[in-house]
Amino acid sequence: MTLQKKPASSHFPLYRLLVDGPGEIVVDLDGEQLAAHPHETVASVMLRHIDPSQYRRSAVSGEPRAPLCMMGVCFECLVEIDGQKNQQACFVRVRSGMTIRRQFPRGERQ
Amino acid sequence: MSAPDLLIIGGGSTGLSASIVARELGLSVELLDERPALGGNYFAGAGNPSAGKTKLGEGYAQGADLLRKANGPGMRNGAFAWQIEPDGKTYFIDPAGKVGSISPRRLLIATGAQERPVPIAGALLPGVMYAGAAQLMLKTFGSIPAGRAVLVGSGPLLLLLAKQLLSQGAAPAAMIETTPRAGLLMTATSLPAALKVPALLSEGLGFRSALKKSAMAWHRQASGVFISGRDKAQSVTFTDRHGQHHTIMADLILLHDGVIPNDHVARQLKCKETWNPGQHCFNTTVDQWGETSRKGIFAAGDCTGIWGVEAARMSGEIAALEIARQLGFINADERDRRAAEPLRQRARQVAFRPFVETHFPPTLARAAFAANDTVICRCEMVTAGEIRLAVRQGASGPDQLKSFTRCGMGPCQGRSCAMAVAEIIASETGRSIGEIGRHDIRAPLKPLPLGQIATARDAAEEIVA
């Protein structure tokens, strides 16, 4: 069985905005464009756009993992941001044009 | 490199109130906060333009005022303090990935609290989060659960979150409370002090009556909780007080079992600490002003022990006053005059805690009772059974256990497993948790790429030396 990153648009996200509105900025998640608001972090945007089972996989067990604490303690939200691996997505604010790559175990491509 | 009178690590209620008082007395202050915005957990998002529109209560509304007063030069967001020397010299990494250092005359650690980690079966599945995470999603980003949310566990924050979600029109599907039935004797011993803080008491009772009127299913005195699902959480199962098993379908499961100090900075400095059996966590040892066992290094607020947000604000002010006295900005009389009121108010808050502690003891988080296949170290996938086996094979403390099992060696550096490890070793060996302690914390306080560390020459020299 190969573990594949599903596109962000095939989703049942965990969260939604209380007051929905068009996002002022756009970030790139594995080639898909996601709308976001400037005060959001990478983790909060991903939690409203993607299915939690598609967030990342553990480098040790290969099992799916997703953000747990949103306060910088659990390190379950790690993603690659603008080429820098293992960034805490809950602490990084989105910027226009930001490139986010989900971290799946080596060798698995979308 | 800069050399302010005071460096504060942490921009929550403690750090903000300390910075306001210290600046007022003429001290130069710098502050490092790892988050993208100031406010910590309690006042997260309080500086957002939309914050005034959310129905999060009076206490939260004060946050905007606190943030406005604290605003000034030297407040750095997205700046992570990753190494602290015994003299207070602090290395940090900024949002651009550059390393810098600050050599303050005094250091105040104000790193707040974290969720008490909950190692139960199924807790690793996506779709399981802590209640505090959902609260941050609401406060900071104006986001609410999209599907069926089920709250599980014990503690004032769980009740508060349920009420906050209700008032936003995002009622949870169910709340499964694991809080045991309050013993009459426990209440009798802690109630008198609690009655001195009637606002807190009535706030708590108010939550319960608002929740009772809602359509949310509310199960109490639950036990035997576990979560099921294949590649994400699908249901939560528990046993009710009559011994009946129930399974509830859920998209988002929000766990909570109280909070514990976020104390990696004080631990890296090897500040003295003691086990607090009432709070079921370690407390950094501080004097009434907040000075730790290391002279010139202060710690205040929930990173020293769980005393609540009001006490945290008072402790920030009290520490700033003593720091100002030590540096000659005010004399002892002036310090005592200014500290009298915050000391009195803090004492009232502290006196309230035993009431909370006896009502909400740890339940889900009791790792001593975890089944052998329950994962304790999320990063390295170490189970309770592997820890028990390692202890029987001679790993007598958390540091030996690390080399036996890699438990605590992953990216979170033991933030999720240290308490559970201490509890399991204690139950296996019959020694006390306080005696066992937790593994040593070394710099860097979180994994950093070597290339980033090397960007600052003086920092790099320190590390090589």
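The values are calculated or read from the model by the stated rules, or taken from the named source; none is laboratory data. Here the structure is a predicted model, which is why all the values come from computation and not from measurement. Glycine also receives a Cβ, built like all others from the backbone with ideal geometry; neighbour counts cover every protein chain displayed.
The condition (being under 17 Å from A:Pro13 (Cβ atoms), touching a residue at least 60 places away in the same chain (Cβ under 8 Å) and facing another protein chain (nearest Cβ under 10 Å)) is satisfied by just one residue among B:Ala123, B:Ala149: B:Ala149.
Inside the stretch A:67-87, can you point out the residues that are in contact with a Leu (Cβ under 7 Å, 6 or more places away or on another chain) and either buried (at least 24 other Cβ atoms within 10 Å of the Cβ) or within 7 Å of chain B (Cβ to nearest Cβ) (or both)? Full working, then the answer.
Here is the first cut: in the stretch A:67-87, the residues in contact with a Leu (Cβ under 7 Å, 6 or more places away or on another chain) are A:67, A:70-71, A:74, A:76, A:86-87.
Listed by number, the residues that qualify are A:Pro67, A:Met70, A:Met71, A:Cys74, A:Glu76, A:Asn86.
Please indicate, with yes or no, whether at least one residue in the stretch B:398-408 is outside the structural domain of B:Ala182 (by TED's automatic domain parsing), under 20 Å from A:Arg56 (Cα atoms) and in contact with a strand residue (DSSP E or B) (Cβ under 7 Å, 6 or more places away or on another chain).
Here is the first cut: in the stretch B:398-408, the residues outside the structural domain of B:Ala182 (by TED's automatic domain parsing) are B:398-408.
Filter once more, so that each one left must be under 20 Å from A:Arg56 (Cα atoms): none.
No, the stretch B:398-408 contains no residue that is outside the structural domain of B:Ala182 (by TED's automatic domain parsing), under 20 Å from A:Arg56 (Cα atoms) and in contact with a strand residue (DSSP E or B) (Cβ under 7 Å, 6 or more places away or on another chain).
Cβ separations smaller than 7 Å between residues 6+ apart or across chains give the following pairs from the stretch A:92-109 residues that are in a strand (DSSP E or B) and buried (at least 19 other Cβ atoms within 10 Å of the Cβ) to residues that are hydroxyl-bearing (Ser, Thr, Tyr) and modelled with pLDDT of 95 or more: A:Arg93/A:Thr41. For B:Arg313, indicate whether it is of a type in the set (Lys, Arg) and assigned to a helix (DSSP H, G or I). Criteria met by B:Arg313.
Quick grid of which residues meet (1) surrounded by fewer than 21 Cβ atoms within 10 Å (Cβ to Cβ); (2) assigned by TED's automatic domain parsing to the domain that holds B:Gln413; (3) among the charged types (D, E, K, R):
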| position | (1), (2), (3) |
| --- | --- |
| B:Ser19 | no, no, no |
| B:Ser28 | yes, no, no |
| B:Pro36 | yes, no, no |
| B:Gly39 | no, no, no |
| B:Lys55 | yes, no, yes |
| B:Asn71 | yes, no, no |
| B:Gly74 | yes, no, no |
| B:Ala81 | no, no, no |
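Restricting B:Met419, B:Met381 to residues that are within 21 Å of B:Leu255 (Cβ to Cβ), in contact with a strand residue (DSSP E or B) (Cβ under 8 Å, 6 or more places away or on another chain), of a type in the set (A, V, I, L, M, F, W, C) and without any contact (Cβ under 8 Å) to a residue 24 or more places away in the chain narrows the list to B:Met381. Just to be sure before I move on: is A:Asp51 more than 7 Å from chain B (Cβ to nearest Cβ), acidic (Asp, Glu) and under 19 Å from B:Tyr130 (Cα atoms) in the structure I sent? Answer is yes for this residue.
With respect to being part of a loop (DSSP other than H, G, I, E, B), in contact with a strand residue (DSSP E or B) (Cβ under 6 Å, 6 or more places away or on another chain) and either within 14 Å of chain A (Cβ to nearest Cβ) or more than 17 Å from B:Ala312 (Cβ to Cβ) (or both), B:Gly26 falls outside the description.
Going through the stretch A:35-48 one residue at a time, which ones are in contact with a helix residue (DSSP H, G or I) (Cβ under 8 Å, 6 or more places away or on another chain), more than 7 Å from every other protein chain (Cβ to nearest Cβ) and part of a loop (DSSP other than H, G, I, E, B)? The one that is in contact with a helix residue (DSSP H, G or I) (Cβ under 8 Å, 6 or more places away or on another chain), more than 7 Å from every other protein chain (Cβ to nearest Cβ) and part of a loop (DSSP other than H, G, I, E, B): A:His37.
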